[in-house]
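Novice: Would you mind keeping the following structure in view while I ask a few things?
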Amino acid sequence: MPRAFAISADAIAAERERVGGDLDQFDVARVIHLDEHTLREVGPQDVHLRILAVSAEHNVDHAALADTQNIAEVRGGKIYPGNSAVGEVLAVGDRVTRFAPGDIVLTHCNGEPDIYGYPLRIWAYDQPDSVGWYGEEAVVADWQVIPAPLDCGLGLWEIAALPLRAPTAYHLWRRGLGIYRLKVPREQRAQLNVLGFGGGVSELFLMLAEREGHRAFFCSGSPERRKHLEQLGIEGIDQKQFNRFASRDDVKAFSNLTRDLTGGERMHIVCDMLRGPVYQAGLVVMGRMGVNVSAGWQLDTKCQYNSANLSVRQITLDHSHYETVDGCRAATELYGHVFKPTVHREIYAFEDLPRAIREMGRNVQTGIPIVRVAEEMPEVVKPLIG
Ligand SMILES: NC(=O)c1ccc[n+]([C@@H]2O[C@H](COP(=O)([O-])OP(=O)(O)OC[C@H]3O[C@@H](n4cnc5c(N)ncnc54)[C@H](OP(=O)(O)O)[C@@H]3O)[C@@H](O)[C@H]2O)c1
């Protein structure tokens, strides 16, 4: 049986008891454990994959902490997480025409499209019976995989950083820009000021903005990530200079800086995947007609706003989740041309995946964390490994 990581409700309960309910002391690496699972039979429309590499994602941190929802309990006591992977096709069902053994593919995590194509549920999270890709092998339906653009100029670890974060950024960007353009046409303002706070989704969002000719600002506490983005023409702002917005004075100082940087115009589009203290800072620095987009709630799920204030300033708050399957395919076209992700300096071994998630939660990584699952790589990807 292939090995795969699992999160059980029992392990969460035991860790909660160990730390007396104090989530700051909670160690997700004690909850994510190596397990095994039986693959379902390959059906006519299925693809059998060998997983090569995965990226660590925050929803796994949320699932292990059970801070937003105890998803392992809701799903019957155990989940197999992992919704971003690069894999090699080992076999395909009779009716699969788009893939053949030996192909290298990416997964997307739209678990069940609604009538407009957006996910009702996320694969390996709240989609019932979904088995994730933090494992050695998987069987999925063919609509769940996309050909990997191996000639896009990125290395394998960079490609592995993108299957979940790039479609999210792509969706946020086209929504934010579309909403803004409904209010202010291009003939009135061509170049926008676009701000993103730290994190992989935000940095990809800003790469889209910069490549389309806008001024992009990355407000992050990570010098390594700021440096990488500055090389791509994205201006860095040290979030720690403002104590991560711990007080009103910090927010005011940040507001003054953004005013000065933008000639008083401030930010037209803001991407905030974190909420918590970042949310207020993001609202304060918005210019008239601004749009604040989010698909994340890493620091808090609740937001408050003054409706009169936002109405007078014509500010729009937009919430989204993840891309349509078509949108995921379109985002993949931009790998390497637009998306050039930061990657954490250590590539984790498969057995070290729980540590990768722990270190991601503790915010000590220099880029997107990647886990190498396969020891032996297919010939076709070997040149992409540095
Ligand atoms: N809906 C979706 O489809 C979707 C997709 C992807 C992610 N998400 C969610 O979006 C959030 C961000 O994900 P991501 O993948 O972009 O993140 P990421 O690449 O893992 O980065 C998280 C960032 O959070 C920042 N951070 C950590 N602790 C912080 C604190 N106390 N105060 C301020 N910033 C802090 C760090 O930025 P700096 O240290 O650089 O400032 C870090 O780089 C997560 O909650 C995730 O679940 C949702």
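All of the numbers you see were taken from the coordinates with simple rules; none came from a lab. Quick caveat, the model's predicted, so the values are computed rather than measured. With ideal geometry, Cβ positions are generated from the backbone for all residues, glycine too; neighbour counts draw on all protein chains shown.
Novice: In deg cm²/dmol, rounded to 500, what helix-only [θ] at 222 nm does the chain give when every DSSP H run of at least 4 residues adds -39500 (n - 2.57) and the total is split over its residues?
Specialist: When only DSSP H runs of four or more count, the value is -8500 deg cm²/dmol.
Novice: A further question follows. If you scale each eigenvalue of the Cα gyration tensor by 5 and take the root, what three semi-axes come out for region 266-386, rounded to whole angstrom and sorted largest first?
Specialist: On the way: eigenvalues 264, 71, 30 Å².
That gives 36, 19, 12 Å for the three semi-axes.
Novice: Select from region 1-57 those GluC sites (Glu not before Pro) which occupy a DSSP coil region and have at most 16 other Cβ atoms within 10 Å, ordered by residue number. Please report the intermediate quantities before stating the final value.
Specialist: Values: sites: 15, 17, 36, 41, 57; in loops: 41, 57.
Filter output for region 1-57: 41.
Novice: Within 10 Å, count the other beta carbons around each residue, average over each peptide in 212-222, 83-93, and list them highest first.
Specialist: 83-93, 212-222
Novice: When the distances between all Cα atoms of region 1-57 are binned every 10 Å from zero, what whole-number percent does each bin get?
Specialist: 18, 36, 26, 15, 5
Novice: Could I ask something else about it? Under 5 Å between amide H atoms, partner at least 5 residues away or on a different chain: which partners does residue 270 have, H built in plane at 1.01 Å?
Specialist: Here 195, 291, 292, 293 satisfy the definition.
Novice: Sticking with this structure for a sec: In what sequence, highest mean first, do 282-288, 305-311 appear when ranked by Cβ atoms within 10 angstrom?
Specialist: Ranking the peptides 282-288, 305-311 by packing returns 282-288, 305-311.
Novice: Another question, then. Could you run the Karplus curve 6.51 cos²θ - 1.76 cosθ + 1.60 with θ = phi - 60° over region 89-106 and give me ³J(HN,Hα) per residue in whole Hz, x for Gly and Pro?
Specialist: 3J(HN,Hα) across region 89-106, in whole Hz: 6, 9, 7, 10, x, 4, 9, 7, 10, 8, 10, 9, x, x, 5, 9, 10, 10.
Novice: Right, another one. Quick one: net charge around residue 311, please, counting Lys, Arg +1 and Asp, Glu -1 for every other residue with C-beta under 14 Å from its C-beta.
Specialist: +3
Novice: Region 78-117: which trypsin sites (Lys or Arg not before Pro) are DSSP loop and have at most 16 other beta-carbon atoms within 10 angstrom?
Specialist: Here the trypsin sites (Lys or Arg not before Pro) that fit, given the DSSP loop and packing criteria, are 95, 98.
Novice: Return the Rg/Rh value of the chain, two decimal places, where both radii are evaluated on C-alpha atoms and Rh is the Kirkwood radius.
Specialist: That ratio is 0.97, to two decimals.
Novice: Using a ≥ b ≥ c from the Cα gyration tensor of region 167-319 (square roots of the eigenvalues), is it rounded, prolate or oblate, where a/c under 1.5 gives rounded and otherwise the larger of a/b and b/c decides, a/b for prolate?
Specialist: Verdict is rounded for region 167-319.
Novice: Packing-wise, with mean Cβ within 10 Å as the measure, how do 251-263, 170-182 rank, highest first?
Specialist: Taking the mean over residues of other Cβ atoms within 10 Å, the ranking is 170-182, 251-263.
Novice: Report for the chain the percent antiparallel among DSSP-assigned beta bridges with both residues inside it, nearest 5.
Specialist: 55
Novice: Continuing with this model, one more query. Using a Gaussian network model of the chain with C-alpha springs under 10 Å, which one of 297, 123, 157 is most mobile by mean-square fluctuation?
Specialist: Largest GNM mean-square fluctuation: 297.
Novice: Pull up all non-local amide H partners of residue 234: gap of 5 or more, or a different chain, and H-to-H distance under 5 Å with H placed in the peptide plane.
Specialist: none
Novice: Still on this structure, I have one more. Count of lysine pairs in the chain with Cα atoms under 22 Å apart, counting only pairs 8 or more residues apart in sequence or on different chains? All intermediate terms of the calculation are to be shown ahead of the outcome.
Specialist: Numbers: 227/240; 227/340; 240/252; 252/302; 340/382.
Qualifying lysine pairs in the chain: 5.
Novice: Defining a contact as two alpha carbons under 8 Å apart and six or more residues distant in sequence, what relative contact order in percent does region 167-319 show?
Specialist: 22
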